[in-house]
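What follows is one structure encoded as structure tokens, with my remarks underneath.
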């Protein structure tokens, strides 16, 4: 799967009716600029990114906030990249509040996208609620409590999986073509965002591997600890794995 940097764009703009069109155009332009600046693939997956900016600014649908959001989503969809999504300000605030917590109440699974951009279980947390309920690696999650996961970001699905401790959530999964519902009881657990190990590659060379699976309030400190420990073991180089990070 092609690696890309996901750009999450969120902005709150208070506008009067008289200024709505102009400020909606500015909102569209800010979203375009965020991707233009941060996106790793400077070919933009073959999309004429500058032309898309001009086309979007002339779009008659930039007449109110909700339709402007839809135009921005349509622009990002041109990239054909499931890791680049637009979140409204309220959704962005809610998602970041949850993902920044080291102590959460949820089901305990690491998710990603398969080649068809469907939500897939990379691995359930050993001994976690999902694992105990029977969720397995490579299960496709096509709905959460009956709500389809299609076209949703990992952030959005992760938020749906979290909830009050002791509450239950139903995961509709596809396992090798067989579909079933798995009910999982949420439990409070501490997210361990960083794991590390070493790999000997011969000729007295050693590689340090660091997996950063989530960004939360302890991620930075834990990453530093892992790098310090690997350095003490005499590694010659490092691999930082950011795949499926949420």
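The numbers here are math on the coordinates, done by the rules we state, and not lab data. Quick caveat: nothing in here was measured; it's all calculated off a predicted structure. Here the Cβ positions follow ideal geometry from the backbone for every residue, glycine too, while neighbour counts run over all protein chains shown.
Can you work out the FRET efficiency for the pair residue 88 and residue 185, with r the C-beta to C-beta distance and R0 = 35 Å, to the nearest 0.05?
With a Förster radius of 35 Å, E is 0.70.
Among the DSSP beta bridges whose two residues both lie in segment 194-241, what percent are antiparallel, rounded to the nearest 5?
Around 60 percent of the beta bridges assigned by DSSP in segment 194-241 are antiparallel ones.
Relative contact order for segment 17-86: what is it in percent, counting Cα pairs under 8 Å that are at least 6 residues apart?
40 percent
With viscosity set to 0.692 mPa s at 37 °C, what whole-number translational diffusion coefficient in µm²/s follows for segment 144-246 from Stokes-Einstein and a Kirkwood radius over Cα pairs? Provide the component values of the computation, followed by the final result.
Values: Rh = 16.5 Å.
Stokes-Einstein gives a translational diffusion coefficient of 199 µm²/s.
Could you work out, for segment 120-190, what percent of all Cα-Cα pairs fall into each 10 Å distance bin, beginning at 0 Å and stopping at the bin that holds the largest distance?
20, 59, 20, 1
Using label points projected 7 Å from each Cα along Cα→Cβ, tell me how many nm separate residue 241 and residue 215, to one decimal.
About 2.1 nm, to one decimal.
Along the Cα→Cβ direction, 7 angstrom out, place labels at residue 45 and residue 178. What is the inter-label distance in nm?
Result for the modelled spin labels: 3.4 nm.
Treat segment 194-241 as a sphere of radius equal to its Kirkwood radius over Cα pairs and apply Stokes-Einstein at 25 °C in a medium of 0.890 mPa s; give the translational diffusion coefficient in µm²/s, rounded to a whole number.
Here the translational diffusion coefficient equals 225 µm²/s.
With the cut-off at 12 Å, report for segment 36-89 the share of all Cα pairs above it, as a whole percent.
Here the tail beyond 12 Å accounts for 67 percent of pairs.
Where in segment 150-177 does the amide nitrogen come within less than 16 Å of the point 7 Å from the Cα of residue 118, taken along Cα to Cβ?
150-152, 171-177
Rounded if a/c is under 1.5, else prolate if a/b is larger than b/c, else oblate: which is segment 161-212, with a ≥ b ≥ c the root eigenvalues of its Cα gyration tensor?
Cα axes put segment 161-212 in the oblate bin.
Can you give the translational diffusion coefficient of segment 27-149 in µm²/s, computed by Stokes-Einstein from the Kirkwood radius over Cα pairs at 20 °C and 1.002 mPa s? All intermediate terms of the calculation are to be shown ahead of the outcome.
Numbers: Rh = 17.1 Å.
It comes out at roughly 126 µm²/s.
From Cα pairs below 8 angstrom and at least 6 apart in sequence, can you work out the relative contact order of segment 93-190, rounded to a whole percent?
Computed over segment 93-190, the figure is 31 percent.
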